[in-house]
Amino acid sequence: DTEGIVAGIQGSFISERNLSWFGIFFRRMFMLPGSTGLGRMQASGFPSYVVLPNKVIDVDMICGGNTSYRCEVLDQFKWNELFSGYSYMEDDDYSYRVSREFCLVQTPAARLIHEQYPVARDNIEKLMRMEVRNHTLFFKLNRPKTLWNFVAFIWSEICCCRLSFCCY
């Protein structure tokens, strides 16, 4: 990008687990975060990432583990320290704000294997509280205050709460 149009770039995470057709349907229906999307922020305030595009694509947000930003962007935009825990959704907040003014892209050329180490995470109850709090904060700070967005947010949170009771 010799013209300086691209403010940030993300490689592709290639270690995402494969979801069943029902898992994909469920995530889309409840507008939950996932890697079966188009790289756009959903009305619910959850991201829908692309796993491995076949070309460089424009995206609304880039995930923190495999990203680079121009120095000018890092000078202009500051990280929001209100996000709690290990800062779940902090990278979505930062990159989404950047994407409102500049171009962000994802490339298939840079790949990252992201393995989660189960011992490194907090207990499930603490994790769920952090996810609800940070998702709510992201939604309040970044999403337009429309009836549709509010309903989508509540819909996704109801699903997340139900999942936490059923699965944990």
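The values are calculated or read from the model by the stated rules, or taken from the named source; none is laboratory data. Being a predicted model, the structure only gives us computed values, none of them experimental. So basically every Cβ, Gly included, is an ideal-geometry build from the backbone, and we count neighbours across all protein chains shown. Just the protein is used for accessible areas: all its heavy atoms, side chains included, with ligands, DNA and RNA removed. Shrake-Rupley method; radii C 1.70, N 1.55, O 1.52, S 1.80 Å.
The Cβ shell under 11 Å around Val6 holds other residues with a net charge of -2, Lys and Arg each +1, Asp and Glu each -1. Partners of Lys126 within straight-line reach, counting lysines whose Cα lies under 22 Å from its Cα and excluding those fewer than 8 residues away in the same chain: Lys140. The charge dipole of the chain, taken about its Cα centre with unit charges on the Cβ atoms of Lys, Arg (+1), Asp and Glu (-1) only, comes to about 580 debye. With protein chains left intact and a 1.4 Å probe, residues in the chain average 60 Å² of accessible area per residue. For the chain, adding -39500 (n - 2.57) for each run of n ≥ 4 DSSP H residues and dividing by the number of residues yields -12500 deg cm²/dmol at 222 nm.
Among the helices of the chain (complete DSSP H runs), which have Cα atoms covering no less than 20 Å along the helix axis and a Kyte-Doolittle mean of at least -1.0? The answer, listed by residue number, is 124-142, 147-167. If the segment from Leu127 to Ser68 were pulled out straight at 0.36 nm per residue, it would be longer than the present Cα-Cα gap by 18.5 nm. Note on Asp75/Phe25: beta-carbon distance plugged into 1/(1 + (r/R0)^6) with R0 of 45 Å gives a FRET efficiency of 0.60. Annotation note: trypsin sites (Lys or Arg not before Pro) in segment 3-79 located in DSSP loop regions with a Cβ neighbour count of at most 14 within 10 Å are Arg17, Lys55, Lys78. Note on the chain: GNM, Cα springs under 10 Å; of Tyr94, Tyr86, Tyr69, the largest mean-square fluctuation is that of Tyr86. Considering only alpha-carbon pairs that sit under 8 angstrom and 6 or more positions apart, the relative contact order computed for the chain is 32 percent.
Carbon-plus-sulfur accessible fraction, the chain (probe radius 1.4 Å, protein heavy atoms only): 60%.
Subtracting the Cα-Cα distance of Leu147 and Val51 from their residue separation scaled by 0.36 nm leaves 31.5 nm.
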